[in-house]
Amino acid sequence: MKSWVIRGLRKGVLTTRFPKGDAEDVPLWTTKPVKMSDGEVRCPAGAISDGAVDMNRCISCRRCSEHYMPDGRPVHSTVNSGISIASRSFHIYMIDTGSCGACNSEVHSLHNPVYDFNRLGMFVTNTPRHADALIVVGVVSEGMEMALKAAYEAMPSPKIVIATGTCSISGGIIGKGVDGVLPADVLVPGCPPSPYAILDALIRARDAK
Amino acid sequence: MTEENTDVLSGAFKDIEAWNAIFRNGTTLRRMQENRLSLYENFDYIAGRAERGESGGKEFIYGPSSGGMLESIRFRMSTEGERISSLVPEFSFKNRSLKLGGKDTETALLLAERINGPYSASYSALFCGVAESILGIQPSHEVRLTRMLACELERIACHLFVVGRLCEAASQSVATAHIFGLREKILRMISRRFGHRFFFGLNDIGRIRTPVDFHGISESVDAVVNEFGDLWQHLSSSTLFIDRIQRTCPVHLESSVGPAARASGYSTDERLTEGLLPYSDFSFNFRKEYEGDSLSRALIRSHEIEESGSIIAQVTDQLHKADASRPASISDRRGEGIGRIESPGGETLLYLRLGDSIERAYIRSSSLANLQAFVRGISGAVFTDFAFAWESFGLWVCEMGGVI
Ligand code: SF4
Ligand code: SF4
């Protein structure tokens, strides 16, 4: 055990300064593509309209890369309603309703020592019965619709639903999103959203007035 | 060319009334009757029917959404005391019914790279490789090397994830933090160089979509590999950790693939065949273990992290000045093709028939191929070993659903 501690000390601080400081290493193609030049673009997700990109539809496919470049700035989620429980710890439960695994992986990254969301008073719970927030990843498949509703029903109030990733928000190019099954209180864009975007969404949802 | 081995069924799909079978190393479809195919013990798994089985006795249900699992899957288990006597995996809950058939190659590629996001480099390289061979497009050497590089970086990230999840299951919290920290380093490096942490949008038919700066990749990877080697050595001396994974979920199944197969003494690795990517131009040490338990699977992955580092060093040596973004030539050729790639989970198989659009596609993922091994190995295990068994296979439910 002692040697593990020494190893830890030798490595120094790995944890990001975000949200107090700037986010480092934001994945470029999770940020908003901005028009740089004129030319035909066929966006497979229908995310571009009048030269502007709707990040709730964008699937980070780079098909627009000849005329659009991502701005490199962390994308903010839409917080329709929050939960305002800043005085106690915030518990989340993730439900995978039909993902490709990458969104799950990015939510899981919040545990790693770089993002370490426990330092912000946030914790994963193993049951929706103890959750304040339901993080939904993936499209809503036929087989998971009941389980999604059941998880939501099992949560105590107040509770929020965080649609995480383009699939969950709008269905992307794969299926249908959360909308129509449950009210999505927070939308976190990206395919997948960067861990920063998820962390930022959790903070803003929790601290919403 | 490696010879077809008709003892091992690699894939099977039905077209209207007839079944098409693909055998290990085989490059053609074989029409077969269902009664002959059902003699292969993995047929139900390969055909995606394994979840219809009976576990027998009183069932205990786990899932489909449960806090301990990363993805949604339900297990029906029969137990005798604290032992699992049998288990039926129900993996269709999250099935997205991905359909490549009827799509143009451009759209199908977007779906292919989202079959399993963490294996996206492998899936997109496989899809592009098979489509290119049908269309008669020869991508440049640089493009093929870049794909290989992406696949090896993906392998390191995924193997680190599996070992990290094993440590997490074994409550080795400090080791877990170190290993997930290393994986984050790799993902960030991938993101800086390739624009996306999971390589989405990188591969395109005949080309790489955006140029990549290869300078310094090998040094960054080396640092992670060395640090992991040190951590692994340390973990190996932890009896607490080793006791939990040694002799856990032992299994030997010839139809298994990837690290799971190599941990049971089988010499299968698509990187050793004349496949879609030029692995034969590079050297790496191939390793097998023989116990087939969770420890052997972890040993194989820890060894492969090091070997991928060595492949990356050799590849980037040739790549630092290459511009990989040359556009593809247009082709409207038609035809069919079978291709394989060694994803981090093992051999992944794709059959594609191209007409004006994709007429038929079939994918057999490594997770589907290895699910049977997990089910077999877990029988007789105590319930507390479940997590060490499951995590050691590194299975992804997202790629178990059929793709047509
Ligand atoms: S990255 Fe793809 S989905 Fe996003 S705006 Fe560009 S073309 Fe559309
Ligand atoms: S939003 Fe993108 S990354 Fe997330 S599950 Fe869907 S396809 Fe995968």
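The values are calculated or read from the model by the stated rules, or taken from the named source; none is laboratory data. Note that the structure is predicted; figures quoted are calculated from it, not measured. Reconstructed Cβ throughout: ideal geometry from the backbone, glycine too, with neighbour counts over all protein chains shown.
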*Taking the stretch B:189-204, which residues are farther than 17 Å from B:CYS128 by Cα and more than 14 Å from ligand 2 (Cβ to nearest atom)?*
B:MET189, B:ILE190, B:ARG192, B:ARG193, B:PHE194, B:GLY195
*asked:* Here is a list: B:PHE214, B:PHE180. Which entry is in the same structural domain as B:GLU306 (by TED's automatic domain parsing) and at pLDDT 95 or above?
replied: B:PHE180
*Would you mind stating whether A:ARG62 is within 8 Å of chain B (Cβ to nearest Cβ) and either closer than 19 Å to A:PRO19 by Cβ or in contact (Cβ under 8 Å) with a residue 24 or more places away in the chain (or both)?*
yes
*Within the stretch B:44-57, which residues are of a type outside the set (Gly, Ala, Ser) and surrounded by fewer than 20 Cβ atoms within 10 Å (Cβ to Cβ)?*
B:ASP44, B:ARG49, B:GLU51, B:ARG52, B:GLU54
*Of all residues in the stretch A:45-61 being out of contact with any strand residue (DSSP E or B) (no Cβ under 7 Å at 6 or more places or on another chain) and more than 6 Å from ligand 1 (Cβ to nearest atom), which is farthest from A:GLY171 (Cα to Cα)?*
A:ASP50
*Being more than 7 Å from chain A (Cβ to nearest Cβ) and not acidic (Asp, Glu) narrows it down to one of B:GLY117, B:GLY68, B:GLY81, so name that one.*
B:GLY81
*Go through the residues of the stretch A:93-106 one by one and say whether even a single one is away from ligand 1 (no atom under 16 Å from the Cβ), modelled with pLDDT of 95 or more and assigned to a loop (DSSP other than H, G, I, E, B).*
yes
*Within the stretch A:84-96, can one find any residue that is free of Cβ contacts under 8 Å to residues at least 60 places away in the same chain, under 29 Å from B:THR107 (Cβ atoms) and more than 16 Å from ligand 2 (Cβ to nearest atom)?*
no
*Can you name the residue in the stretch B:1-18 that is in a strand (DSSP E or B) and more than 23 Å from B:GLY346 (Cβ to Cβ) and is also farthest from the chain's Cα centre (by Cα) among such residues?*
B:ALA18
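Rundown of residues vs (1) within 11 Å of chain B (Cβ to nearest Cβ); (2) in a strand (DSSP E or B); (3) touching a residue at least 40 places away in the same chain (Cβ under 8 Å); (4) not charged (D, E, K, R), yes/no style:
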{"residue": "A:ARG119", "(1), (2), (3), (4)": "no, no, yes, no"}
{"residue": "A:ARG129", "(1), (2), (3), (4)": "yes, no, no, no"}
{"residue": "A:GLU145", "(1), (2), (3), (4)": "yes, no, yes, no"}
{"residue": "A:ILE174", "(1), (2), (3), (4)": "yes, no, yes, yes"}
{"residue": "A:GLY180", "(1), (2), (3), (4)": "no, no, no, yes"}
{"residue": "A:PRO192", "(1), (2), (3), (4)": "yes, no, yes, yes"}
{"residue": "A:ALA197", "(1), (2), (3), (4)": "no, no, yes, yes"}
*Could you count how many residues in the stretch B:79-110 are surrounded by fewer than 19 Cβ atoms within 10 Å (Cβ to Cβ), under 30 Å from B:ASP385 (Cβ atoms) and of a type in the set (S, T, N, Q)?*
2
*Could you check how many residues of the stretch A:65-76 are more than 11 Å from chain B (Cβ to nearest Cβ) and closer than 11 Å to A:THR31 by Cα?*
5
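Yes or no, residue by residue, for (1) touching a helix residue (DSSP H, G or I) at 6+ places or on another chain (Cβ under 7 Å); (2) part of a helix (DSSP H, G or I); (3) over 13 Å from B:PHE199 (Cβ atoms):
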residue	(1), (2), (3)
B:THR107	no, yes, yes
B:TYR123	yes, yes, no
B:LEU126	no, yes, no
B:ILE134	no, yes, yes
B:VAL143	no, yes, yes
*Please give the number of the condition B:ARG197 fails out of (1) modelled with pLDDT of 95 or more; (2) in a helix (DSSP H, G or I); (3) within 13 Å of chain A (Cβ to nearest Cβ).*
(2)
*Subset of the stretch A:26-76 that is closer than 22 Å to B:PHE199 by Cα and among the small types (Gly, Ala, Ser) - its residue that is farthest from ligand 2 (Cβ to nearest atom)*: A:GLY72
_Taking the conditions exactly as written (without any contact (Cβ under 8 Å) to a residue 40 or more places away in the chain and not β-branched (Val, Ile, Thr)), does A:ALA154 satisfy them or not?_
yes
*Would you check which residues across the stretch B:63-75 are modelled with pLDDT of 90 or more and of a type outside the set (Val, Ile, Thr) and list them?*
B:PRO64, B:SER65, B:MET69, B:LEU70, B:GLU71, B:SER72, B:ARG74, B:PHE75
*Since A:PHE123 meets every condition but one in (1) assigned to a strand (DSSP E or B); (2) more than 16 Å from ligand 2 (Cβ to nearest atom); (3) in contact with a Leu (Cβ under 9 Å, 6 or more places away or on another chain), which condition does it not meet?*
(3)
_Can you confirm whether A:VAL79 is crowded, with 16+ Cβ neighbours inside 10 Å, within 16 Å of ligand 2 (Cβ to nearest atom) and touching a residue at least 12 places away in the same chain (Cβ under 8 Å)?_
no
*Just to be sure, is B:LEU187 assigned to a helix (DSSP H, G or I), within 13 Å of chain A (Cβ to nearest Cβ) and over 20 Å from B:ALA313 (Cα atoms)?*
no
*Please enumerate the residues belonging to the stretch A:182-209 that are away from ligand 2 (no atom under 16 Å from the Cβ) and more than 26 Å from B:PHE199 (Cα to Cα).*
A:LEU182, A:PRO183, A:ASP185, A:ILE203, A:ARG204, A:ALA205, A:ARG206, A:ASP207, A:ALA208, A:LYS209
_Of the criteria (1) hydrophobic (A, V, I, L, M, F, W, C); (2) more than 18 Å from the chain's Cα centre (by Cα); (3) assigned by TED's automatic domain parsing to the domain that holds B:ARG333, which one B:CYS128 fails_ = (2)
*asked:* Restricting to the stretch A:43-59, name every residue that is within 18 Å of the chain's Cα centre (by Cα) and at the interface with chain B (Cβ under 10 Å from one of its Cβ atoms).
replied: A:ILE59
*Being surrounded by fewer than 23 Cβ atoms within 10 Å (Cβ to Cβ), of a type outside the set (A, V, I, L, M) and under 22 Å from A:PRO192 (Cβ atoms) is the filter here, so list the residues in the stretch A:32-62 that pass it.*
A:LYS32, A:CYS43, A:PRO44, A:GLY46, A:ASP54, A:ASN56, A:ARG57, A:ARG62
